[in-house]
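*Asks:* Below you'll find the structure I mean.
The values are calculated or read from the model by the stated rules, or taken from the named source; none is laboratory data. Here the structure is a predicted model, which means the values were calculated and not measured. A quick note on method: Cβ atoms are made from the backbone with ideal geometry, for glycine too, and the neighbour counts reach across all protein chains shown. Each accessible area value is taken on the protein alone, full model and side chains, heavy atoms only, with ligands, DNA and RNA left out. Shrake-Rupley method; radii C 1.70, N 1.55, O 1.52, S 1.80 Å.
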Amino acid sequence: MSNRIAPKLLAEFIGTFAFVFIGAGTAAIVGEGVGLPGIVAIAFAHGLAIMAFAFAYGSVSGGHMNPAVTVGVLAAGAMGVGEAIGYIVSQLIGGIAGALLLRTVLGGAETGLGMPGLAHNLALGATSLTITPEAGFMIEALLAFFLVTVVLSTAVAGRAGSLAPLAIGMTLTFNILMGGALTGAPFNPARALGPMVATGNFSDAWLYLTAPIVGAIVAAILHTGLSRLAQEGAAAAERGRAAETPAE
């Protein structure tokens with residue numbers, strides 16, 4: 001392992017470890033079935049954790065802490081395949097380690113350790129809602145799409161400067177406020193896999209591991225297309241100004 005990549009992988013491991021320990025830990029302690037106050041607490045725990053470690057490690061590794069984000073950055077052409085694989089392995093190991101330590105701290109897996117799950121008979125006003133795997137896949141893919149879009153448009157494109165971690169943390173927060181009661185809203189394979197391994201419960205694992213990747217790839221394709229259109233528009237405007245300039 002080169003000296004250049006080692007700090008990045010360590011940063012991704014520590015950041016993902018902390019994110020899962022804090023985020024999944026809050027979900028386990030607060031409980032995801034206690035209504036809006038519980039969802040708000042869980043949303044802010046995840047959002048603040050990702051924001052803090054994005055500030056801490058953004059200059060080292062980019063502060064991905066999510067395999068879907070790494071896939072999105074890779075698909076947008078902003079990193080190499082080998083580096084992306086290293087990131088994803090570090091993130092998955094970090095997520096599993098965070099959940100295993102959480103199981104030790106909480107004395108077992110009985111709390112669920114923040115395990116994501118699809119809603120069944122969720123009370124919504126005068127009716128109830130059950131999320132099917134197909135609907136859950138769409139929700140998780142969309143939430144990942146929103147997150148990766150923000151990451152690419154701020155941290156990767158450099159448009160938000162030093163405030164990129166704030167934008168990313170806010171995106172995580174509002175994503176979980178909307179989707180937390182519906183799917184658990186991990187939209188992060190490392191965040192989902194950690195509690196699965198720690199509890200031995202792999203229900204709907206295919207959904208939680210693949211949907212965020214699909215959303216990330218779509219976000220990268222759209223980001224790349226919009227960037228090319230913007231560049232072409234700027235070039236056309238520049239040619240127009242040059243044509244209007246009178247020859248000396």
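*Asks:* Within the set of pairs 6+ apart or on separate chains, which have a first residue in the stretch 66-93 that is farther than 20 Å from S153 by Cα and modelled with pLDDT of 95 or more, a second that is surrounded by 24 or more Cβ atoms within 10 Å (Cβ to Cβ) and among the small types (G, A, S), and C-beta atoms under 6 Å apart?
*Replies:* Q91/A190; L92/A190
*Asks:* For the stretch 33-41, check the following and say yes or no: at least one residue is modelled with pLDDT under 95 and touching an Asp or Glu at 6+ places or on another chain (Cβ under 8 Å).
*Replies:* yes
*Asks:* Tell me which residues, restricted to the stretch 169-189, are over 25 Å from I85 (Cβ atoms), of a type outside the set (A, V, I, L, M) and not in a helix (DSSP H, G or I).
*Replies:* Correct list: G184 only.
*Asks:* Between a residue in the stretch 98-113 that is in a loop (DSSP other than H, G, I, E, B) and any residue that is surrounded by fewer than 21 Cβ atoms within 10 Å (Cβ to Cβ) and of a type in the set (G, A, S), which pairs come within a Cβ distance under 8 Å, given they are 6 or more apart or on different chains?
*Replies:* These pairs meet every condition: A109/G200.
*Asks:* What number of residues within the stretch 55-65 satisfy the criterion of being within 12 Å of the chain's Cα centre (by Cα) and modelled with pLDDT of 95 or more?
*Replies:* If we filter the stretch 55-65 for residues that are within 12 Å of the chain's Cα centre (by Cα), which is where we start, we get 63-65.
Pick out the ones that are also modelled with pLDDT of 95 or more and you get 64-65.
Looking only at that region, the number is 2.
*Asks:* Continuing with this model, one more query. Taking G184, is it under 17 Å from F44 (Cα atoms) and not β-branched (V, I, T)? Working first, answer last.
*Replies:* On the way: under 17 Å from F44 (Cα atoms): yes; not β-branched (V, I, T): yes.
Yes: the conditions hold for G184.
*Asks:* Given L166, L226, which one is more than 29 Å from G38 (Cβ to Cβ), open to solvent by 60 Å² or more (accessible area, probe 1.4 Å), assigned to a helix (DSSP H, G or I) and not acidic (D, E)? Talk me through it step by step, then tell me what you get.
*Replies:* Details: L166 fails: more than 29 Å from G38 (Cβ to Cβ).
Sole residue among the options that is more than 29 Å from G38 (Cβ to Cβ), open to solvent by 60 Å² or more (accessible area, probe 1.4 Å), assigned to a helix (DSSP H, G or I) and not acidic (D, E): L226.
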